[in-house]
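Rule-based calculations on the coordinates, nothing more; no lab input. Please read all numbers here as calculations on a predicted model, not as lab measurements. A quick note on method: Cβ atoms are made from the backbone with ideal geometry, for glycine too, and the neighbour counts reach across all protein chains shown.
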Amino acid sequence: MADYGQTDALARLEHLLAAYGATPARWPTAERDAALRLLERSAAARALRDEAAELDRLLDAVPSDPPSAALARRVLAAAPTRRVARVWRRTLAAAVPLAAAAAVALWLTTREPVPTAPTSLALGEYTSPTDVLLEPYGPDVYATVPSIGCADSVLGCPDVPTAEPYSERRASGRARA
Amino acid sequence: MDDSDEALMVRAGIGDRSACQLLVQRHLGRIVGFAHRTLGSRSDAEDVAQDVFLRLWASAPRWKVGSARFSTWLYRVAMNVCLDRLAKKRELPDTDVPEPIDDGPEPSVAVHASEVARHVTAAVAALPDAQRIAVTLCHYQGLRNVEAADVMGVSVEALESLLARGRRAIRARLRPVAGALLGNG
């Protein structure tokens with residue numbers, strides 16, 4: 001309690017006595033010294049303290065019996081034993097990895113899927129380096145025309161009225177050379 | 001060897017019998033006293049103390065030094081068990097909550113110490129729960145204001161207000177017989 005004016009100090013002491021009673025040991029440490037100094041110099045403060053002390057005496061008139069030995073025995077009988085403590089530790093040791101596994105499983109099943117492009121889109125966007133090389137020759141009809149209905153599905157036989165495919169053009173070109 | 005309450009809890013958690021005995025020696029009486037003043041019934045207080053210690057033993061294997069101040073934690077457990085019990089009793093039609101007493105004996109009648117205790121106990125029992133718990137923690141259990149406020153989950157200012165109102169109410173209730181009580185008590 002700071003040493004503010006006598007009236008304020010008396011009011012604060014009155015509040016201390018009302019809350020904590022007349023025993024200085026019960027008062028907040030930070031305010032004790034200033035309160036004791038005020039008691040030394042103020043008769044009004046001492047009157048307030050004596051009034052609080054009366055109530056303390058009444059409160060202290062209620063005895064507190066010690067607990068019975070039977071209660072202490074019952075309480076101790078339920079205390080952990082070394083065997084129970086071992087069971088606890090084993091339970092915890094088993095529970096921790098299980099909890100971790102459960103947490104991972106839960107995370108895997110509930111997490112948001114990573115967004116991926118549709119397969120068809122991915123195929124459509126795919127460009128083989130070979131396509132770039134062959135582009136000057138135009139589409140290779142022999143390679144792209146299905147062989148359904150063709151007698152020789154291995155060699156390819158459709159009579160396609162198009163320009164000579166690039167592969168044959170290349171072959172004939174090499175032959176001419 | 002560290003025999004602080006917190007260290008004893010760790011040892012109790014691994015089944016150290018002597019640590020359990022020390023905890024019982026130190027705290028059983030305090031918990032019974034707190035519960036007795038809070039509930040107004042000795043048998044209820046013993047039931048509460050047993051319940052509190054069962055919770056203590058169950059918590060001991062998981063107790064970590066530095067996780068909480070032991071006495072604050074223990075009183076908070078005791079307070080919650082007491083409040084649960086009070087709430088259940090109030091739900092029942094016939095409860096044995098201490099009955100209000102008469103204005104007391106005539107001043108001319110001799111008042112014995114047991115009668116003083118009976119009047120004061122009744123005056124404390126008539127307080128609202130929060131005021132009664134505040135008075136019990138600070139006056140009877142000797143907790144510092146900060147610790148009592150922590151147990152109750154209120155500020156120190158709120159605790160002081162509860163204490164002042166509680167003591168004022170007790171004084172008002174005992175005023176008619178205070179002279180006789182003090183003269184003979």
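The value obtained for chain B, namely the Cα convex hull volume divided by the number of residues, is 136 Å³ per residue. Other protein chain C-beta atoms within 10 Å of residue C-beta, averaged over B:130-142: 2. Projecting label points 7 angstrom from Cα along Cα→Cβ for B:ASP2 and A:GLU51 puts them 4.8 nm apart.
About its Cα centre, segment A:6-60 has a charge dipole of approximately 140 debye under the convention of +1 per Lys or Arg Cβ and -1 per Asp or Glu Cβ, with nothing else charged.
Averaged across A:16-29, how many Cβ atoms of other chains sit within 10 Å of each residue's Cβ atom? Could you put the intermediate results ahead of the total?
Working: counts 2, 2, 9, 15, 7, 5, 0, 2, 0, 1, 7, 1, 5, 3.
Per residue, the average neighbour count from other chains is 4.
Legend: ranking of residues B:MET9, B:MET152, B:MET79, B:MET1 from fewest to most surrounding C-beta atoms inside 10 Å; resulting order B:MET1, B:MET152, B:MET79, B:MET9.
Every helix of 4 or more DSSP H residues in chain B counts as -39500 (n - 2.57), and over all residues that averages to -23000 deg cm²/dmol at 222 nm. Each residue, B:SER155 and B:ASP47, gets one label point 7 Å from its Cα in the Cβ direction; the gap between the two is 3.8 nm.
Just to confirm a number: summing +1 for Lys and Arg and -1 for Asp and Glu over residues other than A:ALA53 whose beta-carbon lies under 13 angstrom from that of A:ALA53, what do you get?
Net charge around A:ALA53: +1.
Taking 7 Å steps out from each Cα toward its Cβ at A:ARG111 and B:ARG175 produces label points 7.2 nm apart.
Would you mind ranking A:GLU40, B:GLU160, B:GLU6 so that the residue whose beta carbon has the fewest other beta carbons within 10 Å leads the list?
Details: A:GLU40 8, B:GLU160 22, B:GLU6 17.
Ascending number of Cβ neighbours within 10 Å: A:GLU40, B:GLU6, B:GLU160.
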